[in-house]
1. From the protein chains alone at 1.4 Å, what is the descending order of accessible area for THR81, THR406, largest first?
2. How large is the Rg to Rh ratio of the range 69-165 when both quantities use alpha carbon positions and Rh follows Kirkwood?
3. Between LEU80 and residues 5 or more places away or on another chain, which pairs have amide H atoms under 5 Å apart, with H built 1.01 Å from N, and which residues are they?
4. Once amide H atoms are placed 1.01 Å from N in the peptide plane, what residues at a sequence separation of 5 or more from THR406, or on another chain, have their amide H within under 5 Å of its amide H?
5. Return the lysines within reach of LYS91: Cα separation strictly under 17 angstrom, same-chain partners fewer than 8 residues apart disregarded; answer none if there are no such residues.
6. In square angstrom, what is the accessible area per residue of the chain with a 1.4 angstrom probe?
7. In µm²/s, what is D for the range 295-391 at 10 °C and 1.306 mPa s, where D = kT/(6 pi eta Rh) by Stokes-Einstein and Rh is the Kirkwood radius from Cα pairs?
8. Roughly how much of TYR168 is accessible, in Å² to the nearest 10, using a 1.4 Å probe?
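The values are calculated or read from the model by the stated rules, or taken from the named source; none is laboratory data. Small disclaimer: the values here were computed from a predicted structure and weren't measured. Positions of Cβ are generated from backbone atoms using ideal geometry, with glycine treated the same way; all protein chains shown enter the neighbour counts. Ligands, DNA and RNA are excluded from the accessible area calculation, which covers all protein heavy atoms including side chains. Shrake-Rupley method; radii C 1.70, N 1.55, O 1.52, S 1.80 Å.
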Amino acid sequence: MNWDVIIVGAGLAGLTCGLELSLKGNKVLVLEANPVVGGRCSNWNDAGMEVESGFHRYIGYFSALPALLKKAGVDINDILTWEEKIDVLIKGKKKKLVLGISPVHGVLKMIRGITGNQDVLTIKDKLSLIPFSLNGYKDFLLNPKKLDQYSVKEYAGLHNVTDNAFDYLLVPLSSGSYFLPADRYSAYVFFGLFAPAFYKFYKMRIGAFSGGMTDVMCQPIADQIIELGGAVQIGEKVTDVILNEKGEVAGVKGENRKEYRSKQVVVAASLAGAKQVLARFKEKAEFSNLFRLPINPASTFQIDLNQPALETDITSFGPKTALASFAEQSRTTFRDCKGRLSIILDSPDKFLSTTAEDALKIVIEDAKALGVHLEGKIEDYRKIDHPEDIYSLAPGNHFLRPGQATTIPGLTLAGDYTKQPYFSTMEGAVVSGQKAAAIVTKALQRKAKAPG
Ligand SMILES: Cc1cc2nc3c(=O)[nH]c(=O)nc-3n(C[C@H](O)[C@H](O)[C@H](O)COP(=O)(O)OP(=O)(O)OC[C@H]3O[C@@H](n4cnc5c(N)ncnc54)[C@H](O)[C@@H]3O)c2cc1C
């Protein structure tokens, strides 16, 4: 079969691109290496235990993702449980920092968060964040390249943020969100990730998924592509693109040497996958930044328990421990479990080479230091690693990210690592998929008009 468009990768970027192009009447084939769709936003059964790619939160300011889901018949409010605050648990002390994050939906919690929490953050600690934030947003707008040269730690040092404010606020909001220690996390990414929260402040809160992300979000998009006449093939790893005699990309090759032909190809694999599929273009100048863009690992730990680990399902951070960020999920994402903890581990480099058994010992010990007691409650556990899925958010990398358009006829890129303003987020993946779909639509129109 000759397809209009082949899309490599059924993560949110590939599925978005596939749905947008299907809605325009194109015949779309999505090829996905994994046995489920969703990529980094997926859930599956791992030898008897329900697991997810990792602990995820929807940020209230997202707008492209809910609009896309609507096109697949999914109302975002039906698949989320909203949260108006986050907890930062303090190691070795029976204290926590409670921060309101929703100026409209949880105004009192927000005021209490700013004026309260005196036992963890003094007035001096809080005031030290003002020059850091004001300068950060000024540099984000006026000197982005300069800001991207600093790590969060360096930038905090430059603006005299106190140790307490750094440890209990900036570390959770950087390493706790994106797997990189604050001394390797770009200050540009730090401010950029929160920037939309200012002008969309009225939308700010965060959402926990009410079910696994493949089930409630990604599979419905794939189903809609199929409904519109497309196909989504799982378990098919693409190894290369096919070039025709004119040097245009005219399809892809699968691992089993099967060839798939199309007018256009969108490579929407994660960064490591894209580097493999595009290996033949490695020496081309336009791809040099893509091949230079480094990869960063993530390691997550998921535990089934015989009772909830925490009183509420709420986003929590554990600075100075292995539990960078975590949440109880038995009342939200994994409702069939009596108790369920999903954790993003700090530091991923260390945990990639740690066995699940050894990681469990560290998790139990560190959770105890945060006042979360897991002994005698554990029923099953898994360590789910992402050795090379994520582009590195370290200083100097942001401006290496490639655009979606390429000069090679028939080839377009998508994926959170490609240029869009939302960094490595679900929203970013969707926006990249939409940008790729717009480029492909124009290319198909040009081809249709071309003589012969
Ligand atoms: C642990 C973790 C926690 C996160 N938390 C959040 C969060 O709280 N909020 C948020 O907004 N974002 C979060 N993210 C980021 C978010 O998941 C990603 O930005 C988004 O899912 C990226 O989508 P994508 O389509 O660009 O890439 P991916 O989801 O990686 O999709 C790429 C797809 O391509 C497939 N593929 C790769 N190579 C090939 C090949 N050769 N042939 C065929 N298929 C191939 C892969 O299997 C994959 O399915 C988190 C990510 C991780 C890992």
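1. Putting THR81, THR406 in descending order of accessible area: THR81, THR406.
2. So for the range 69-165, dividing Rg by the Kirkwood Rh gives 1.09.
3. SER210
4. Counting only residues 5 or more places away or on other chains, the set is LEU413.
5. LYS91 reaches LYS320, LYS361, LYS368.
6. So the chain comes to 41 Å² accessible per residue, rounded to a whole number.
7. 119
8. Counting only protein heavy atoms, TYR168 exposes about 20 Å² to solvent.
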